[in-house]
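Scroll down for the structure; my scribbles are underneath it.
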């Protein structure tokens, strides 16, 4: 069952990018992203295999969370052509002692500065609009590019952290 196409809301823009809420029309992009080998390796396999699964995840894990918490993961699109390139936003995980940032990009958009630009905008948004004072980030120990990005953004490694699922991740913290 295809969900209604709720309007999207632009959350913020950077020089090249627009971050906005997702809706059912983003399901094809979302399905591809969460099934990329790099996503599965560095984040996890979410078990999303169909357009209907993607639409449901967009509604429950993004739109409903945005409505409840006032933040979520956002679609990152290039302003020049409205091409969806990734996700970036804020996540509240029960097992972490604070709000963390999350991001993932399609492989062909890596190494172009998009993740840095979007996350810089996100840090500014979290501080100025949401009045947050700090953010956390978690990264798989083998994901050196993501660790380097976090450090470039001003995050500092705090400790190795055991998630409830049993995975050990590197925990970073940034004062805004």
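So how many residues does the stretch 46-60 have that are in contact with a helix residue (DSSP H, G or I) (Cβ under 6 Å, 6 or more places away or on another chain), modelled with pLDDT of 95 or more and part of a loop (DSSP other than H, G, I, E, B)?
Number satisfying all stated conditions: 1.
Any idea how many residues of the stretch 24-43 are in contact with a helix residue (DSSP H, G or I) (Cβ under 7 Å, 6 or more places away or on another chain), closer than 15 Å to residue 8 by Cβ and at pLDDT below 95?
1
Restricting to the stretch 24-45, name every residue that is surrounded by fewer than 16 Cβ atoms within 10 Å (Cβ to Cβ) and either outside any helix (DSSP H, G or I) or within 13 Å of the chain's Cα centre (by Cα) (or both).
Passing the criteria: 35, 36, 42, 44, 45.
The values are calculated or read from the model by the stated rules, or taken from the named source; none is laboratory data. This structure is a prediction, so every number in the text was calculated from the model and none was measured. Because the Cβ atoms are built from the backbone with ideal geometry, glycine has one as well, and the counts that use them run over all protein chains shown.
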